[in-house]
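None of the figures in this text is laboratory data; all of them are computed from the coordinates on show. The structure presented is a predicted model; accordingly, all values stated were derived computationally and were not measured. No Cβ is skipped: glycine too gets one built from the backbone with ideal geometry, and neighbour counts run over all protein chains shown.
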């Protein structure tokens, strides 16, 4: 793990890192924000700072949300670290969309483990984001005997659009072992099997056999996971989002949880006049930050 | 004036506008943020919402600061509008840097009225930003008899890098008539006549006769303007800013005001570990917002 840059930001530091990933067999970039509490002289030795992982949407790198979502002030307010992973493997040797479009291939890994050639060798983003990266960050930041950061136990997950899908998917797949303590999403794709962005991605990465898609589709997953506590999944979406009707369809998740243990535990807030941009995301980051801070026991 | 897009953002709206400028003889883009107070049903009829103008740095469009500086939450907090102008005229017919570099020409108008060909026909950014744009915004937003926004009287100015220079320059040149009620800057170029970025820009736009440069150089201007009240110019700069030693040199402004009426009225805060990016700007926007809100009588 190499520190590419370390910058003061708000009361803490934004750290740009890169590392060779075992999962993707490529060099991966990731940004981490360490809040002011991490640098406080009087931070208690027996406490660890929890993490909120933010998965970005189509075309994004770790920088988009780091620059535009404005989590840093909230991280300082509540005392959590932020992790901003990349959205796919990248590089000349990594297969890309044959049509060169922006909704598949590099920048659009969809946080799944591809089974189909030519994508399978590098597009192992599920394992990368949910397994390898937390361990690698743990080893890097806590490897010197000063275990102040918690990347593997007290962790919340959130994301935007494709990343909102990735967050809900990872949360549900890890629900039984409480891998993530909290989950929220901004304008997520909730039912990829039934919308064009998801069908293109799942078809390319997972193949034409649609039963294989169920393993990642939130609307399928949530029916097979028993809800066991009081927490809920918090979702915001703008009613001026140009992708709302065709690709996002949050109502499909609400339909999927009807008469299940998740009924009343998925909250979709449709907000007026907001589109799909970071003007939308950043506006509601404070509400999501408070939500995760509560679920992580910080307030 | 054409509304290109109107988006919900924080509690108000971000409005992307474009218009044909008389000064630059080009189509110009500008973003305006109207805070939640503007949309409040109970906003008093006899009050007007003051404005903070933010001038951006080299290479920027109106979108950079709109997306990354995060003024919107502060505008809602105190009740001011934001104006984000472009940094130069643009288009095929607009002369550009012959070397194609990013620190001169399109995206780098330096907020002066060019006197030299081929730049003089379009590069009239001083008149555009400080005269035409406020009048045009006033006519657009207040032309229907509902004068809720103040673009010409209760106005503060700030900016980043080249835009920090532009803000201080405009503030000082309009000081006698109190054109701007408040001025601050993030990592400004304070003495363009004596640093490479400024010398290239002033040489190109204003010609080789250096006496002409004095009309825009803050370190020259400030000696000829008598300070008459208690306000000060607030400046932040990061000590990890890669342009600090060569292009910014804030200490030259402090030297220039020694033994003048401005002594003790220019405050330069050097902050540790911050660079030249929007991670730096956004961190100190809340302090600048409070500073301007006080000077505008909002708190």
Q.
I need the shape label for the protein assembly as shown. Rule: rounded when a/c is under 1.5, else prolate if a/b > b/c, else oblate, with a, b, c from the alpha carbon gyration tensor.
A. prolate
**Q.** Computed label-point distance, nm, for sites residue A:146 and residue B:287 using a 7 Å Cα→Cβ extension
**A.** 2.5 nm
Q: Would you order B:5, B:68 from fewest to most other beta-carbon atoms within 10 Å of each residue's own beta-carbon?
A: B:5, B:68
Q: In nm to one decimal, list the spacings between the residue B:177 label point and its equivalents in the other copies, with label points set 7 Å along Cα to Cβ, shortest first.
A: 7.1
Q.
If packing is taken as the average count of other Cβ atoms within 10 Å, what order do A:219-226, A:183-190 fall into, highest mean first?
A. A:183-190, A:219-226
Q) Between copies, how far does the label point of residue A:199 sit from its twins, in nm, shortest first, when each point is 7 Å from Cα along Cα→Cβ? A) 6.3
Q: For a footprinting-style exposure proxy, rank A:88, B:66 by other Cβ within 10 Å, fewest first.
A: B:66, A:88
Q.
Give the separation of the Cα centroids, the stretch A:249-294 to the stretch A:130-199, in Å.
A. 16 Å
Q: Classify the stretch B:152-299 as rounded, prolate or oblate from the Cα gyration tensor: take a ≥ b ≥ c as the square roots of its eigenvalues, call it rounded if a/c is under 1.5, otherwise prolate when a/b beats b/c and oblate if not.
A: oblate
Q) Assuming R0 = 41 Å, what is the FRET efficiency of residue B:25 and residue B:5, from their Cβ-Cβ distance, to the nearest 0.05? A) 0.95
Q. Quick one: if the Förster radius is 51 Å, what FRET efficiency do residue B:120 and residue B:41 give, using the C-beta to C-beta distance and rounding to 0.05?
A. 0.60
Q) Considering only the label points, 7 Å along Cα→Cβ from Cα, what distances in nm to one decimal separate residue B:102 from the same position in each other copy, shortest first? A) 1.9
(Q) For a quick check, take a GNM of chain B with Cα springs below 10 Å and name the residue from B:279, B:180, B:171 with the largest mean-square fluctuation. (A) B:279
Q. Mean residue ellipticity at 222 nm from the helices of the protein assembly as shown, using -39,500 (n - 2.57) per DSSP H segment of n ≥ 4 over the full residue count, to the nearest 500 deg cm²/dmol?
A. -7500 deg cm²/dmol
Q: Would you mind checking the radius of gyration and Dmax of the stretch B:2-295 based on alpha-carbon positions, in Å?
A: 18.0, 56
Q) From the Cα gyration tensor of the stretch B:246-289, with a ≥ b ≥ c the square roots of its eigenvalues, which class applies: rounded if a/c is under 1.5, or else prolate if a/b is larger than b/c, or else oblate? A) oblate
(Q) Springs between alpha-carbon pairs under 10 angstrom, Gaussian network model over chain B: which of B:170, B:207, B:143 fluctuates most? (A) B:143
Q. How would you rank B:262, A:102, going from fewest to most other Cβ atoms within 10 Å of each one's own Cβ?
A. A:102, B:262
